[in-house]
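Asks: Before we start, here is the structure in question, set down as structure tokens.
The values are calculated or read from the model by the stated rules, or taken from the named source; none is laboratory data. Just so it is clear, the structure is predicted and the values come from calculations on it, not from any experiment. Positions of Cβ are backbone-derived with ideal geometry, glycine not excepted, and every protein chain shown enters the neighbour counts. Heavy atoms of the whole protein, side chains included, go into the accessibility calculation; ligands, DNA and RNA do not. Shrake-Rupley method; radii C 1.70, N 1.55, O 1.52, S 1.80 Å.
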Amino acid sequence: MAWQHLPVPRLEGVSQDQFMQQLYPQRKPLVLEGIDLGACTSKWTVDYLSQVGGSKEVKIHVAAVAQMDFISKNFVYRTLPFDKLVQRAAEEKHEEFFISKYYLRSLGEDPRKDVADIRKQFPLLEGDIKFPKFFKEEQFFSSVFRISSPGLQLWTHYDVMDNFLIQVTGKKRVVLFSPRDAQYLYLSGTKSEVLDIDNPDLAKYPLFSKARRYECSLKAGDVLFIPALWFHNVISEEFGVGVNVFWKHLPSECYDKTDTYGNKDPTAASRAAQILDRALKTLAELPEEYRDFYARRMVLHIQDKAYSKNLE
């Protein structure tokens, strides 16, 4: 089908003041070019990463197919030495008779308690990369090291914090959807059930065609700003290394203190969802005709009281 592709704007040489005062308040995706990221874009070759990263064991996703699905879990978790992961992920063809896709999403020392920070988990690489200083240091939440096999596609999802996706090496295609189009994405938690976003099954997901699709290609040195709540689907067109830097857009007390991945809904949103579940259980005590009528009134009440009239 013919999709309407809305390009993500690209800007070069954006200063911190320009970003924070003019661009950031718009709350829309943006590709930043020409940001000083340090030596990583030239140094982080397969050989260099293998040597510097060493044989430290890392937990990875391994899938037999290109489209990874976090809902059905069509992948397995494995542990590999870091240098072996880099070498395997970089292969266009594997020596094994089966095809595997490798994906690293770095974790904290204790993933249940610690956030990912490349500067702590891979200290020998810290000097190679500079994070864009477009937010206050106290807002910093995590920096996630990502390594992907060619062709790997990650499921469409949203995060609750703002995010710079730094493309260090390789190329990625990123498709994004506005939070306003959530009703068209067939959500299961924070993730969309629609895996094949380029050729979706519209008999199964008919509303998906209504979702506005924003798209960009990232090359080495590009930085994609992904505002919180924007859905994104990432396709690695080549073997590539990236770093996501997440920071807190809301006051710290708004976030779940047990969240080490940056993907748990704000505490107020979680409480509201629990209250709604209780309300729906109460409605279930009514006969179908009454339940339908009062559920529709509740939806109208939510729209009137909570929907924003200022967002596009």
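Asks: Using alpha-carbon positions, what is the distance between the centroids of segment 198-265 and segment 275-312, in Å?
Replies: Between the Cα centre of segment 198-265 and that of segment 275-312, the gap is 29 Å.
Asks: With contacts defined as alpha carbon pairs under 8 Å and 6 or more residues apart, what's the relative contact order of the chain in percent?
Replies: RCO, the chain: 22 percent.
Asks: Still on this structure, I have one more. How would segment 46-184 be classified by its alpha-carbon gyration tensor: rounded, prolate or oblate, with rounded meaning a/c under 1.5 and the a/b versus b/c comparison settling the rest?
Replies: oblate
Asks: Right, another one. How much accessible surface area, in Å² rounded to 10, belongs to the heavy atoms of residue 103 with a 1.4 Å probe?
Replies: Using a 1.4 Å probe on the heavy atoms, I get roughly 10 Å².
Asks: Given Cα pairs under 8 Å that are at least 6 residues apart, what percent is the relative contact order of segment 49-156?
Replies: So the answer I get is 33 percent.
Asks: Still on this model: Specify which residue in the list 166, 87, 100 is farthest towards the positive end of the charge dipole of the chain, using unit charges on the beta carbon of Lys, Arg (+1) and Asp, Glu (-1), about the Cα centre.
Replies: Positive-end residue among those listed: 166.
Asks: Less than 21 Å apart at the alpha-carbon level, and either on another chain or at least 8 residues along: which lysines does that give for residue 130?
Replies: Filter leaves 43, 120, 171, 172, 219, 248.
Asks: To the nearest 20 Debye, how big is the dipole of the chain about its Cα centre, given +1 on the beta carbon of each Lys and Arg and -1 on that of each Asp and Glu?
Replies: 440 debye
Asks: Here's a follow-up. Can you give the net charge of the other residues whose Cβ lies under 10 Å from the Cβ of residue 258, counting K and R as +1 and D and E as -1?
Replies: In short, +2.
Asks: Expressed in nm to one decimal, what extension gain is obtained for the pair residue 303 and residue 33 from 0.36 nm per residue of sequence separation less their Cα-Cα distance?
Replies: My answer for the length gained is 93.3 nm.
Asks: Could I ask something else about it? So how much accessible area does residue 297 have, in Å² to the nearest 10, using a 1.4 Å probe?
Replies: We get 140 Å² for residue 297.
Asks: Sticking with this structure for a sec: To the nearest 20 debye, what charge dipole does segment 1-94 have about its Cα centre, counting +1 at the Cβ of each Lys and Arg and -1 at the Cβ of each Asp and Glu?
Replies: I would put it at about 400 debye.
Asks: Length gain on complete extension for the stretch residue 46 to residue 293, per 0.36 nm per residue less the alpha carbon to alpha carbon distance?
Replies: Computed gain between residue 46 and residue 293 is 82.8 nm.
Asks: Quote the accessible area belonging to residue 118 in square angstrom, nearest 10, computed with a 1.4 Å probe and with ligands, DNA and RNA left uncounted.
Replies: 0 Å²
Asks: Residue 252 versus residue 20, label points 7 Å from Cα toward the beta carbon: distance in nm?
Replies: About 1.8 nm separates the two model spin labels.
Asks: Based on the alpha-carbon gyration tensor of segment 163-255 and its eigenvalue square roots a ≥ b ≥ c, which shape applies: rounded if a/c is under 1.5, prolate if not and a/b is larger than b/c, or oblate?
Replies: oblate
Asks: Quick one: if the Förster radius is 25 Å, what FRET efficiency do residue 79 and residue 196 give, using the C-beta to C-beta distance and rounding to 0.05?
Replies: That gives a FRET efficiency of 0.25.
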